[in-house]
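Student: Sending over a structure as structure tokens; questions will come in a sec.
Every number in this text was worked out from the coordinates using simple rules, so none of it is lab data. This structure is a prediction, so every number in the text was calculated from the model and none was measured. Backbone-built Cβ (ideal geometry, glycine too); neighbour counts: all protein chains shown.
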Amino acid sequence: MEQSLLIRNAEMVFQGSLVHGDLRAISGLIDSVAPGGGLTPIDGEVVVEAEGLLLLPGAIDPQVHFREPGQPEKEDIGSGSKAAASGGVTSFLDMPNNVPSATSMGAMQSKIVSASRNAVTHHGFFIGATLDNLPELQAAVGTPYSPTPVDGICGIKIFMGSSTGDLLVNEQDALEQIFSGTAGVIAVHAEDEDRMKERRPQFEGRYDVAAHAEWRDSETALIATKRACKLADENSHRLHVLHLTSELEADWLAENKSKHVTTEVCPQHLTFDQTDVEERGTRLIMNPPIRYTEDKEALWKRLKDGTIDCIATDHAPHTIENKALGFPKAHSGMPGVETSLPVMLTHASEGKCSIPDVARWMCESPAQVYGMEGKGELLEGFDADMVLVDMESKRSISDSETWTRVGWSAFEGMGLTGWPVSTFVDGRMVFKREVGGPNRGAFLVEPGSTGRSLRFR
């Protein structure tokens with residue numbers, strides 16, 4: 001018989017509401033959803049009793065840096081995919097700032113092949129833009145007249161502010177060629193390179209972590225965001241502005257965001273502010289930076305009113321030795337893919353938002369932004385990517401129990417509510433965390449046995 005899974009008596013996020021009921025998946029697809037329950041087990045079916053547990057669509061993380069190729073001591077596709085699944089993330093989109101940068105079709109195919117062998121979740125990859133690789137970008141995602149993205153390639157990444165290798169694209173002519181000559185989604189790291197260079201001498205000799213947000217200020221982000229939005233509107237090109245951080249930027253988008261533009265926010269920018277940076281130090285150094293209380297509250301406001309479309313982690317692991325160098329030498333970035341769902345569900349448990357809000361921001365909306373068919377909702381005919389969550393117990397984050405290869409978390413020591421107890425990819429349980437058992441949990445599948453390259457419209 002076809003592989004069949006029945007989840008019974010779960011509290012489900014279904015069509016924007018919480019309902020009690022059953023769900024059946026057959027051959028990797030959701031076959032039936034029964035609010036109120038009543039589905040009867042069939043012969044040979046795997047039955048999961050989920051009384052007291054929350055059932056969500058598998059989360060989609062549309063911005064991770066799994067460091068492959070080039071920095072295996074920090075992460076690779078296999079370790080990053082495990083970290084994702086342990087946190088209820090069943091699909092990820094990986095960035096191109098590797099060593100060397102992923103800026104060619106050859107590099108993209110190598111990452112796709114590696115994922116097929118080592119990932120346990122679904123996967124997609126951005127190709128990186130340079131000053132002179134327009135033909136490679138077009139081969140990856142198509143042109144305005146032939147929009148044909150290659151399976152596994154989700155879009156183009158442009159670093160408008162400083163990055164690694166040859167990935168900085170700040171010249172206007174190059175930006176115009178990319179926006180006018182390609183299809184699909186362009187995702188931008190929006191910090192203005194010229195302003196950062198101009199302001200850097202003002203902060204020489206500063207060794208306090210507060211200097212980071214002062215240097216890479218809100219205006220630095222706003223200038224680049226305005227520039228990218230103008231290019232998108234002039235060329236009728238889909239644009240996704242990555243990791244919003246500031247009140248200034250979010251409020252401008254609330255008034256000026258066009259139909260071509262979407263954007264995201266990270267859990268750390270909804271959770272931390274200047275006080276946490278002072279307390280946790282370089283663990284919270286990232287680009288763009290953690291800012292101030294008023295910025296955090298503005299991001300929540302704009303997430304709730306729909307200006308911000310979805311949540312991503314910007315999972316960017318560095319070794320703890322890299323982070324211990326002190327400011328300004330400490331590397332910018334933090335892991336976060338395995339804690340993002342518990343962090344946001346904790347906010348929901350504390351009344352900051354609702355559980356259906358979290359499902360919309362972390363599941364449904366990323367699928368819509370990137371044109372992923374059959375993802376992000378518990379609907380008949382959709383892929384059976386799901387996560388069962390325990391909302392009754394609180395677990396504290398410990399560096400020693402993380403799956404990310406760097407072995408630390410920016411949220412270390414914090415108690416969080418909403419931990420996955422089972423993660424399903426195409427209807428197959430890939431990860432299990434026992435209620436009341438160790439926080440690390442265990443994997444039930446071999447690398448490469450679950451997950452596939454995502455397809456994008």
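Student: Counting other C-beta atoms within 10 Å, and keeping those with at most 12, which DSSP coil GluC sites (Glu not before Pro) do you find in segment 164-221?
Tutor: Glu171, Glu204
Student: Where the eigenvalues come from the Cα gyration tensor of segment 83-140, what are the semi-axes √(5λ) of the equivalent ellipsoid, largest first, in whole Å?
Tutor: The answer is 24, 11, 9 Å, longest axis first.
Student: Straight distance only, please: which lysines reach the Cα of Lys296 with their own Cα at less than 17 Å, same-chain residues fewer than 8 apart left out?
Tutor: Qualifying lysines at Cα under 17 Å: Lys304, Lys352.
Student: Which aspartates and glutamates, on any chain, are close to Lys197 with Cα under 13 Å apart, when same-chain ones fewer than 8 places away are left out?
Tutor: Those aspartates and glutamates meeting the cut-off are Asp217.
Student: Hey, another quick one. Just the Cα atoms of segment 131-196: what Rg and Dmax do they give in Å?
Tutor: 12.0, 37
Student: Next question, about the same structure. Students often forget the sequence filter, so: which aspartates and glutamates lie under 13 Å Cα-Cα from Lys74 once same-chain residues fewer than 8 apart are removed?
Tutor: Hits, sequence-local ones excluded: Glu321.
Student: Given points 7 Å out from each Cα along the Cα-Cβ axis, report the Ser17 to Val445 separation in nanometres with one decimal.
Tutor: Output for this residue pair reads 3.2 nm.
Student: On to the next question. To the nearest 0.05, what FRET efficiency results for Gln172 and Thr293 with a Förster distance of 45 Å applied to their C-beta separation?
Tutor: Once rounded, the FRET efficiency stands at 0.80.
Student: Quick check: the distance between the Cα centres of segment 318-386 and segment 130-164, to the nearest angstrom?
Tutor: So the separation of the two Cα centres works out to 24 Å.
Student: Fully extended, how many nm does the chain gain between Lys432 and Asp132 (0.36 nm per residue separation, minus their Cα-Cα distance)?
Tutor: Value of the extension gain: 103.4 nm.
Student: While we're here: Give me the log10 of I(q) over I(0) for segment 58-369 at q = 0.09, 0.13 Å⁻¹, as the Debye formula computes it from C-alpha points; what are the numbers?
Tutor: Log10 of I(q)/I(0), two decimals: -0.41, -0.91.
Student: Cα atoms only: what Rg and Dmax, in Å, come out for segment 154-279?
Tutor: Looking at segment 154-279, its Cα Rg and Dmax stand at 15.2, 46 Å.
Student: Rounded to the nearest 500 deg cm²/dmol, what is the calculated helix-only ellipticity per residue at 222 nm for the chain, with -39500 (n - 2.57) per DSSP H run of length n ≥ 4?
Tutor: Mean residue ellipticity at 222 nm (helix-derived): -8000 deg cm²/dmol.
Student: Now for a different question. What whole-number value in cubic angstrom gives the convex hull volume per residue for the C-alpha atoms of segment 5-155?
Tutor: 148 Å³
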